[in-house]
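Presented below is the structure to which this report refers.
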Ligand SMILES: Nc1ncnc2c1ncn2[C@@H]1O[C@H](COP(=O)(O)OP(=O)(O)OP(=O)(O)O)[C@@H](O)[C@H]1O
Ligand SMILES: [Mg+2]
């Protein structure tokens, strides 16, 4: 069953045509890798699929509902309720501790302060990052930042996890560990996972690969 | 599935003799024991035939690298036990002090296919995508293997070895795609 779908979407930044008519369909519970060379439009595609951006033409559907025509507030609500995102460059709030960063989506979702803090710590523990719970992002290593970012994306038990180069800056053993934790947690949650990566070894963890070239899906490799 | 994981290429430059001598540095062993240890401790390497173990031991004995140290009987038939000699030990350590020559696989099968696809069919696009899919599928199988519970450290490393090599091929395929216009020009002139 298709859970998430883009139909011939196009997106430009000024004169740069980042997406030139991409169509993809992602099934419920699938783990999909989006691969392609640098600048090919992977992050842009992920942002359009997750409702962070809207394409200029084409359509994006989630769970039988068109989402690219929703207003900003409705898309924000959808993201909070159903999606978790690990951004390419972490994007943690620098003034907050790791635990506070992880608790943030829960607080936004209307959960109590204490309960949110407890759940956040449990997720940091699952990500092997409880030891840095009280540190601020500026004090963390690349690997620790990524663990915290993954915990923040998973803390609400999202239906879909979007991860943009979640193991980007890591050496292989540490990267595999973070990826393993992410996929294991997603499996327990029953989440669908969309991972953007330029690393073939990361792509090999997915059920399926979508290759993006010059803003178009070049080959959907099963 | 195991039979598809052989990493035969890395053994082109080393002999069965060296492997058996290496295993005998621990203690004397009989031929069947050597076969079992070879297969268990070098996962991902093509299993050795018992006949080959036997023939190699005879050659090593003739060359003074191993000697018969007795017989063993564990329920089954009586087996000849071999021990390593001083010469044999010297040979192993000499071999371990060497390195494998970094192989310059300039004319790999993938490269040949790309060139011939351009010559005979005018395009390699289809081939590049199909080869990518095949390589990635293989990497998926190996990755799934790595994630099976109770995998040994040896098997994990052997699987990683295969994964890194397939990854190198995939990166080369992507480079080939990006340089295909230059190559096409060159072939047509
Ligand atoms: N906010 C933006 N403003 C202007 N141009 C942008 C913006 N975001 C992306 N682009 C451009 O769109 C194209 C696709 O960018 P995108 O970030 O989607 O690529 P990518 O495949 O994720 O690359 P990488 O692997 O390097 O992360 C690039 O040419 C990029 O410069
Ligand atoms: Mg990107």
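Please treat every number below as a calculation from the coordinates, not as lab data. Fair warning: this is a prediction, and the values are worked out from it, not measured in the lab. Note: ideal-geometry Cβ built from the backbone for every residue, glycine included; neighbour counts use all protein chains shown.
Miscellaneous remarks
- In units of the rule-of-thumb radius 2.2 N^0.38 Å, the protein assembly as shown shows an alpha carbon radius of gyration of 1.25.
- Mean residue ellipticity at 222 nm, helices only, the protein assembly as shown: -15000 deg cm²/dmol; runs of at least 4 DSSP H residues each add -39,500 (n - 2.57), and the sum is divided by the number of residues.
- Normalised by 2.2 N^0.38 Å, where N is the number of residues, the C-alpha radius of gyration of segment B:109-188 stands at 1.37.
- On Cα atoms only, tilt of A:98-108 relative to the major axis of chain A in degrees: 60
- Part-to-part distance (alpha-carbon centres) for segment B:37-75 and segment B:129-175, which is given in Å: 31
- Sequence ranges A:23-30, B:66-73, ranked by mean other-Cβ count within 10 angstrom, highest first: A:23-30, B:66-73
- Residue A:107-residue B:168 pseudo-label distance in nm [points 7 Å out on the Cα-to-Cβ vector]: 5.0
- Anisotropy class of segment B:5-97 from Cα gyration tensor, a/c 1.5 cut: oblate
- Residues in segment B:69-90 reached by a label modelled at residue B:50 [backbone nitrogen below 18 Å; 7 Å Cα→Cβ]: B:71-82
- Acute angle (nearest 10 degrees) that the helix A:72-82 long axis makes with the longest principal axis of chain A, alpha-carbon atoms: 60
- Chain A - Rg and Dmax from Cα coordinates, angstrom: 16.8, 48
- Using the Cβ-Cβ distance between residue A:134 and residue A:177 with R0 set to 30 Å, the FRET efficiency from 1/(1 + (r/R0)^6) comes to roughly 0.85.
- Chain B gives an Rg/Rh value of 1.12, both radii derived from C-alpha positions and Rh following Kirkwood.
- Calculated FRET efficiency, residue A:28 to residue B:144, Cβ-Cβ distance, R0 = 22 Å: about 0.60 to the nearest 0.05.
- Alpha-carbon centroid distance for the pair segment A:37-52 / segment A:125-166, whole angstrom: 21
- Gain upon complete extension [residue B:152, residue B:41; 0.36 nm per residue less C-alpha separation]: 39.0 nm
- Modelled label reach - residue A:8, point 7 Å along Cα→Cβ, segment A:18-44 residues with backbone N closer than 14 Å: A:20-24
- Crossing angle, helix A:142-154 versus chain A [Cα axis fit, 0-90 degrees, rounded to tens]: 80
- Here the relative contact order of chain B, from alpha carbon pairs under 8 Å that lie six or more residues apart, stands at 20 percent.
- The length gained on full extension between residue B:78 and residue B:187, counted as 0.36 nm times the residue separation minus their Cα-Cα distance, comes to 32.8 nm.
- Whole-number D in µm²/s for segment A:14-110 (Stokes-Einstein; Kirkwood sum over Cα pairs; 10 °C, 1.306 mPa s): 103
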